[in-house]
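Written out below as structure tokens is the structure these notes cover.
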Amino acid sequence: MNYTDLIHRFIDAVNDTDAVRRRATIEEILTPDCTYTDPEIAVEGHDALDAAFATLQRRVPPGFRFSLTAPVDVHHHQARLFWRFGDPEVAAPAATGSDVAVFADGRIRHLYAFFDAAN
């Protein structure tokens, strides 16, 4: 799986409300010692990341999803992605931002998320 595919699978995992399938995807695409950091949380490992995704899904309206707003920009062992979050049927997203992913051993090792100022 190439780095762009890993990013797409990561977005799928964040959006997945099926706990078993989400966990399987997390274990497949992220290193066991993965980290995720955004302005509100910092977690390490599959368990903590899975719990963070589950908490997010409980806190937002049903149907809210992350989607990419531009092609994934990849070079060396890192990628930059731009996203929106909200109801895909509504033009104005609830949030927008960008992430930087760092890869190791063919999987995502670190993911750093940034929220746009208007959020």
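The values are calculated or read from the model by the stated rules, or taken from the named source; none is laboratory data. Small disclaimer: the values here were computed from a predicted structure and weren't measured. When we count neighbours, we look across all protein chains shown, and the Cβ atoms used for this are built from the backbone with ideal geometry, even at glycine.
Restricting attention to region 33-75, and to residues there that are farther than 23 Å from residue 93 by Cβ, among the charged types (D, E, K, R) and free of Cβ contacts under 8 Å to residues at least 24 places away in the same chain, which single residue is surrounded by the most Cβ atoms within 10 Å (Cβ to Cβ)? So that I can check it myself, show each step before the final result.
To start, the set of residues in region 33-75 that are farther than 23 Å from residue 93 by Cβ comprises 33-35, 42-48, 50-51, 74-75.
Now restrict to residues that are among the charged types (D, E, K, R): 33, 44, 47, 50.
Now drop any that are not free of Cβ contacts under 8 Å to residues at least 24 places away in the same chain, which leaves 44, 47.
Numbers: 44: 14, 47: 12.
If we take residues in region 33-75 being farther than 23 Å from residue 93 by Cβ, among the charged types (D, E, K, R) and free of Cβ contacts under 8 Å to residues at least 24 places away in the same chain, then 44 is surrounded by the most Cβ atoms within 10 Å (Cβ to Cβ).
If you go through region 13-31 and keep only what is in contact with a strand residue (DSSP E or B) (Cβ under 9 Å, 6 or more places away or on another chain) and not hydrophobic (A, V, I, L, M, F, W, C), you end up with 15, 28, 31. Screening residue 92 with (1) at pLDDT below 95; (2) outside any helix (DSSP H, G or I); (3) touching a helix residue (DSSP H, G or I) at 6+ places or on another chain (Cβ under 9 Å) gives one miss only, at (3). The condition of being in a strand (DSSP E or B), on the phi < 0 side of the Ramachandran plot and touching a Lys or Arg at 6+ places or on another chain (Cβ under 6 Å) holds for only one of 35, 31, that being 31. Annotation: of all residues in region 90-119 being surrounded by fewer than 13 Cβ atoms within 10 Å (Cβ to Cβ) and without any contact (Cβ under 8 Å) to a residue 12 or more places away in the chain, the one that is farthest from residue 55 (Cα to Cα) is 91.
The residue list 17, 35 contains one member that is within 19 Å of residue 97 (Cβ to Cβ) and not small (Gly, Ala, Ser), which is 35.
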